[in-house]
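Working notes for the structure below.
Taken together, the values in this text are just the output of simple stated rules run on the coordinates, not laboratory data. What you are looking at is a predicted structure, and each value in this text was computed from that prediction instead of being measured. Cβ atoms come from the backbone with ideal geometry, glycine included; neighbour counts cover every protein chain shown.
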Amino acid sequence: MITRKSKREIEKMQTAGDLLVKCHKEIAKMIKPGITTMEIDSFVEKYLAEHGATPEQKGFSGYPYAICASINDEICHGFPREEKLQDGDIVTIDMVVNLNGGLADSAWTYAVGNIDEKGKELLEVSKIALDKGIEQAQAGSRIGDIGHAIQTYAEGEGFSVVRDFTGHGIGPTIHEDPHIPHFGLPNKGVRLKEGMVITIEPMINEGKWQSKMDSNNWTARTVDKSRSAQYEHTVIITKDGPVLTTDQDT
């Protein structure tokens, strides 16, 4: 069932988004060679607790951590670990914040130290692909419009779009209908309506789009060991256009 959120629900989700943004900005200061993603996980759990919030994905279907930390060829749902990040790595930190019942979900890919030009291009294209998807998140448009905009741009730049994981509705639980694929045809799929809240979170690969699952049954990685990047925002559908609860530029 697809739900449309009340003004009060949206206000709570925006407050959660504000906190998530502040947390991501603190993480950005921490990212450097030598830090571990387990240290980042511990920081996030403490930071959220200090602000009266909880990491919503911890315990979700048995997931054991406050964040997902996906490095290089890991597409999503990477487990935090004790190995140190190396100069030239890229790492995606994905988290869901629950603040007084309001949820916000956002992922960001960070460069660790100095990354190569291809890596810089991957991050830039992934970020622009997200922006192009968000532009299509208009009341009256269809879900296919979002995926088509992302796929057309990313593939036109020589990258591929992961098919096996999608965005989704959010609130009051993490994953709700509708699914938001990052590929597809325009003017297809569910029509977007004012009051819907969704995530748009394209995962963009250097090489092939296909994924394979690690033995932990959570972490997905590229089949050809190429790198993958992801940026994600929580998006409110309004009569005046998309509004981001997790906008880092505000």
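The modelled label-to-label distance for the pair Ala139/Asn216, using points 7 Å beyond Cα in the direction of Cβ, is 4.2 nm. Placing +1 on the Cβ of every Lys and Arg and -1 on the Cβ of every Asp and Glu, with no other charges, gives the chain a dipole of roughly 600 debye about its Cα centre. Distance between the pseudo-spin-label points of Lys7 and Tyr63 (7 Å out from Cα toward the beta carbon): 3.3 nm. With helices as the sole contributors, the chain gives -9500 deg cm²/dmol at 222 nm; each DSSP H run of n ≥ 4 counts as -39500 (n - 2.57), and the sum is divided by every residue. For the range 65-171, applying the loop criterion from DSSP together with a ceiling of 10 other beta carbons within 10 Å to the chymotrypsin sites (Phe, Trp or Tyr not before Pro) yields no site. Note the full-extension length gain between Met38 and Lys239 as 0.36 nm times their separation in residues minus their Cα-Cα distance, in nm to one decimal. Here the answer is 68.2 nm. Stretched out straight at 0.36 nm per residue, the stretch from Thr173 to Lys208 would grow longer than its current Cα-Cα span by 9.4 nm.
Farthest toward the dipole's positive end in the chain, which of Ala137, Ile67, Ile35, given Cβ charges of +1 (Lys, Arg) and -1 (Asp, Glu) about the Cα centre? Checked the options; the winner is Ala137. Ranked by the mean number of other Cβ atoms within 10 Å per residue, highest first, peptides 139-152, 39-52 order as 139-152, 39-52. Charges were assigned to the Cβ only: +1 to each Lys and Arg, -1 to each Asp and Glu. The resulting dipole of the range 114-227 about its Cα centre is roughly 260 debye. For the chain, the Kirkwood hydrodynamic radius comes to 17.9 Å, computed from all pairs of different C-alpha atoms. Placing a label point 7 Å from the Cα of Gln86 along the Cα-to-Cβ direction, the residues of the range 100-128 whose backbone N falls under 20 Å of that point are 110-123.
What are the aspartates and glutamates whose alpha-carbon lies under 12 Å from the alpha-carbon of Lys84, with same-chain residues fewer than 8 places away excluded? Those aspartates and glutamates meeting the cut-off are Glu39.
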